[in-house]
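Working notes for the structure below.
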Amino acid sequence: MTRVRRVERITPRMARITFAAGGLAGLRSNGTDQHVALYFYEPGVELPRPFTAEAARALLPVARPRLRRYTIRHHRPGLGEVDMDFVLHGADQLASGWAERAAPGDEAIWFGPSPGWTPGPDAEWAVLLGDETALPAIGAILEQLPPGLPVSALIEVPDPSEEQQLTTWADARITWLHRGRRPAGQLLHERSTALRPPPGRGRIWGAAERDVVRGIRRHFVEGLGTARSDTHLTPYWTRGETQDSEV
Ligand SMILES: Cc1cc2nc3c(=O)[nH]c(=O)nc-3n(C[C@H](O)[C@H](O)[C@H](O)COP(=O)(O)OP(=O)(O)OC[C@H]3O[C@@H](n4cnc5c(N)ncnc54)[C@H](O)[C@@H]3O)c2cc1C
């Protein structure tokens, strides 16, 4: 169980929420794109305290939470704080709406983090592809890539106001794609599938809407013959569907 400590609108459609709890000082950090599952229970469900993973499991026959996945953007163990960045895509949507209304003191339940991605010591280059939901992960990955590693990043956002300052020691070329009125992911798909990876062995990381990710995977794996194991392509959301199938 954590509490919201701060809420900041880092761009017009991205809220940075800082969570705090004593236990976060000891949170095992898993690096780069590590993510957690936020648990949303129906209002009125009585939660046992302290609310542990075991307690959540024991509660399953009575109350099933709805799960949503979010990336740890920053972890400050010394302060017992974690930041997550939420795309505000709709006030009536579960996680996005919660983030839009979140205020200091609100309770938040999440478990994790999952293991983070690493390009591996033999990577000669990396390609990072994503939409705004992947921006927290791409930001965290860039901060942790080895100095000098050649990196090409394509990031699709609605417009220039959603760009963020990203820092890295890698030799990164970051290209911002502004979708404007195009459907989400169309531009990312076009530009990703026009990419020809540099020579040598590298790694391709990507995350966006499910069908966009499928198209990108087809391009690299079936089209260019990139080894599937050299790609890490994850659907982060699905057009017209919620993430409710999990639990
Ligand atoms: C491993 C992982 C890490 C993730 N990390 C982050 C993160 O750090 N920050 C972040 O903002 N998101 C992140 N996401 C994506 C986020 O979990 C989804 O966008 C999720 O669907 C949001 O939940 P919701 O309750 O707001 O909407 P849902 O109830 O899941 O969906 C409701 C409707 O909204 C649509 N929708 C969902 N997301 C978007 C979107 N971004 N833009 C437009 N329409 C959308 C759906 O198609 C559906 O029609 C991550 C996903 C995964 C799998």
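The values are calculated or read from the model by the stated rules, or taken from the named source; none is laboratory data. This structure is a prediction, so every number in the text was calculated from the model and none was measured. Here Cβ is always computed from backbone atoms with ideal geometry, including for glycine, and neighbour counts include all displayed protein chains. Just the protein is used for accessible areas: all its heavy atoms, side chains included, with ligands, DNA and RNA removed. Shrake-Rupley method; radii C 1.70, N 1.55, O 1.52, S 1.80 Å.
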Relative contact order in percent for the chain (Cα pairs under 8 Å, 6+ apart) equals 20 percent
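In Å², and per residue, what accessible area does the chain have when probed at 1.4 Å with the other protein chains present?
Here the residues of the chain average 50 Å² of exposed surface.
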Amide H partners (placed H, <5 Å) of residue 14, local residues excluded: 88
Run the quick spin-label model on residue 114 and residue 159: label points 7 Å from Cα toward the beta carbon, then report their separation in nm to one decimal. 3.2 nm
Can you give the helix-only mean residue ellipticity at 222 nm for the chain, where every DSSP H stretch with n ≥ 4 adds -39500 (n - 2.57) and the sum goes over all residues, rounded to the nearest 500 deg cm²/dmol? -4500 deg cm²/dmol
How much length is gained on full extension from residue 58 to residue 238, taking 0.36 nm per residue of separation minus their Cα-Cα distance? 61.8 nm
Which of 149, 233, 47 moves the most in a Gaussian network model of the chain with Cα springs under 10 Å? 47
With a/c under 1.5 counting as rounded, go ahead and sort region 91-185 into rounded, prolate or oblate using the C-alpha gyration tensor (a ≥ b ≥ c being the square roots of the eigenvalues; past the cut-off, prolate if a/b is larger than b/c, else oblate). oblate
GluC sites (Glu not before Pro) within region 1-108: DSSP coil, no more than 11 neighbouring Cβ in 10 Å: 46
What are the trypsin sites (Lys or Arg not before Pro) within region 1-104 that DSSP puts in a loop, where the Cβ has at most 12 other Cβ atoms within 10 Å? 28
For residue 230 and residue 122 in the same chain, what is the full-extension length gain: residue separation times 0.36 nm, less their Cα-Cα distance, in nm? 37.8 nm
Could you check how much of the accessible area of the chain is carbon and sulfur, as a whole percent, using a 1.4 Å probe? 51 percent
